[in-house]
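Structure first, then comments.
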Amino acid sequence: MNSSAAILKCVNKVWTFQELANNGFPLPNTFSYGGHSNIMGAVKTVDTNLVYPVVVKNCRGHRGKCVFLARDQHQMHDSANLLRHDAPYLFQQYIRESHGRDVRVVVVGDKVIGAMLRQSTDGRMQSNCSAGGAGQPFVLSPEGEKLAIDVARCLRMDICGVDLLLNNDGSFWVCEVNANVGFKFFNPAVGHNVAEDIAIMALAEIDRLKEIRKYSTVEVSDTSDYYSDTS
């Protein structure tokens, strides 16, 4: 099951992206900063290296919260000083083809359990079902399945949700990875109970650990005769 180290990599989106970028995964160009005092320096980097509009996300945000689209340089600069200080933000290349839609892929134990297309219902960029988006089954290509499984393996995740952005040519960008993946909208959308897969995996892991413990137990023979007084 997910280790604390694996979960930690997914807590902060920048840490996730650093790990995936180091391993060559397809990612939107992304910039961040070390502390709130450095935010304007990061914004200047965005001005130079990204094309507007630009996606702005809180590094610890979830469920589509603390995310917005900076339409131009003026909006970015006006918004920069309004960003929360408790966690840094990242600035990300906008994938226009995937506006208001993405694919949530659930991976359990090196296997894709299913995929759900999430779509915004109000024209916003966010497609999260918890934010009003609608979910439906999605037939994931073999390339998409491999990408999601490879992402999970890279981050050493036994259970995760991999969010993919879509390109018009059928390829994908990795958007986010969720260690605490929810099933409330996923299960009815794909017609599958993810909790059962997790339970089966957990029971198999318990049995595996029991076997390891059984064979690692060393029987200590009675050594009383050896240490008895023979004088």
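The values are calculated or read from the model by the stated rules, or taken from the named source; none is laboratory data. Small disclaimer: the values here were computed from a predicted structure and weren't measured. Here the Cβ is made from the backbone with ideal geometry for all residues, glycine too, and neighbour counts use every protein chain on show. Please note that ligands, DNA and RNA were not included when accessible areas were found on the heavy atoms of the full protein model with its side chains. Shrake-Rupley method; radii C 1.70, N 1.55, O 1.52, S 1.80 Å.
The accessible area of residue 60, taken with all protein chains in place and a 1.4 Å probe, comes to roughly 120 Å². Centroid-to-centroid, using Cα positions, the stretch 1-52 and the stretch 89-128 are 17 Å apart.
GNM on the chain, alpha-carbon springs under 10 angstrom: the most fluctuating residue among 158, 102, 207 is 207.
Angle of helix 13-22 to the longest C-alpha principal axis of the chain, folded into 0 to 90 degrees and rounded to 10: 80°.
Residues with beta-carbon under 11 Å from that of residue 100, excluding residue 100: net charge, scoring Lys, Arg +1 and Asp, Glu -1? So the surrounding residues net to +1. Report the relative contact order of the chain, percent, no decimals, based on alpha-carbon pairs under 8 angstrom and at least 6 residues apart. Answer for the chain is 20 percent.
Among the listed pairs 111/146; 13/146; 13/65; 65/111, those with a Cα-Cα distance over 19 Å are 13/146; 65/111. Each Lys or Arg adds one and each Asp or Glu takes one away; over the other residues whose Cβ falls under 9 Å from the Cβ of residue 149, this sums to 0. Averaged per residue, the chain has 57 square angstrom of accessible surface, using a 1.4 angstrom probe with ligands and nucleic acids left out. Between 101, 71, 213, where does the largest GNM mean-square fluctuation fall for the chain, given springs only between Cα atoms within less than 10 Å? Highest fluctuation of the listed residues: 213.
Neighbours of residue 208, meaning other residues whose beta-carbon lies under 14 angstrom from its beta-carbon, give a summed charge of -1 when Lys and Arg score +1 and Asp and Glu score -1. When the solvent-accessible area of the chain is split by element, carbon and sulfur atoms take up 51 percent of it, the probe being 1.4 Å. I'd like the FRET efficiency for residue 195 and residue 62, computed as 1/(1 + (r/R0)^6) with the beta carbon distance as r and R0 of 25 Å, rounded to 0.05. Rounded to the nearest 0.05, the efficiency is 0.80.
With 5 Å bins beginning at zero, the pair-distance distribution over Cα atoms of the stretch 101-214 amounts to 2, 12, 21, 23, 19, 11, 6, 4, 2, 1, 0, 0 %.
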